[in-house]
Structures are given as C-alpha cells and as structure tokens.
1. Of everything in the range 61-85, what is modelled with pLDDT of 90 or more and crowded, with 16+ Cβ neighbours inside 10 Å? Give them in sequence order.
2. For the range 10-44, which positions are touching a strand residue (DSSP E or B) at 6+ places or on another chain (Cβ under 7 Å) and farther than 15 Å from residue 61 by Cβ?
3. Check 29, 41 and return the single one that is within 21 Å of residue 11 (Cα to Cα) and under 12 Å from the mean Cα position of the chain (by Cα).
4. Please enumerate the residues belonging to the range 10-32 that are over 18 Å from residue 78 (Cα atoms) and surrounded by fewer than 16 Cβ atoms within 10 Å (Cβ to Cβ).
5. Hey, which of the strands (runs of 3 or more DSSP E) in the chain, taking only ones fully inside, have at least 2 residues that are touching a residue at least 24 places away in the same chain (Cβ under 8 Å)?
C-alpha cells in the first residue's frame, strides 16, 4: 500500500481493509499504524503467509492459504463489527 492509497482511505471510506503483511514499501503493521494515526477506525484484516506475532489492532489475521468461504465470513464479521462500533 502506497501513500496514495493511505491518503484515499478517509475519502473513500471503506467498510473493511485487507492488507498483506509483506508489501514493497510498508509492512501491514506500518499501514495499520498510519491508518490509526490518521483517525481511521475501519476494521483491518491482515493477510500473511507467515506466522505473525504482532497482531494487536487488527480485526483478524488470515494465514495463507485460506479458502474463500473463510475470507467471506471474516469480512462479513469485520463489516458488522465496524457498523456496531460506528453506531
């Protein structure tokens, strides 16, 4: 996720954000920290092929490979959680 994507989040206002732990410019934890500093409270799901120890602040961590049903269930739960938190 680059800075343009981070800058677009407050305007775009997604219901949930999925990010990978390993990305070219920032790690998933870096992105989460930047989002929270910017006041973005949307649930964030971390996706990783590796064991991740720093998971605080993420709605959930999905370990690759995962099936689409699991992804759909986790995204739905995150969206529901976000709606409840912002109500």
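1. 61, 62, 74, 75, 78, 79
2. Selection gives 35, 42.
3. From the options 29, 41, the qualifying one is 41.
4. 11, 22, 23, 24, 25, 30
5. Here the list reads 17-20, 44-48.
The values are calculated or read from the model by the stated rules, or taken from the named source; none is laboratory data. Note that this is a predicted model, so its numbers are computed, not measured. Positions of Cβ are generated from backbone atoms using ideal geometry, with glycine treated the same way; all protein chains shown enter the neighbour counts.
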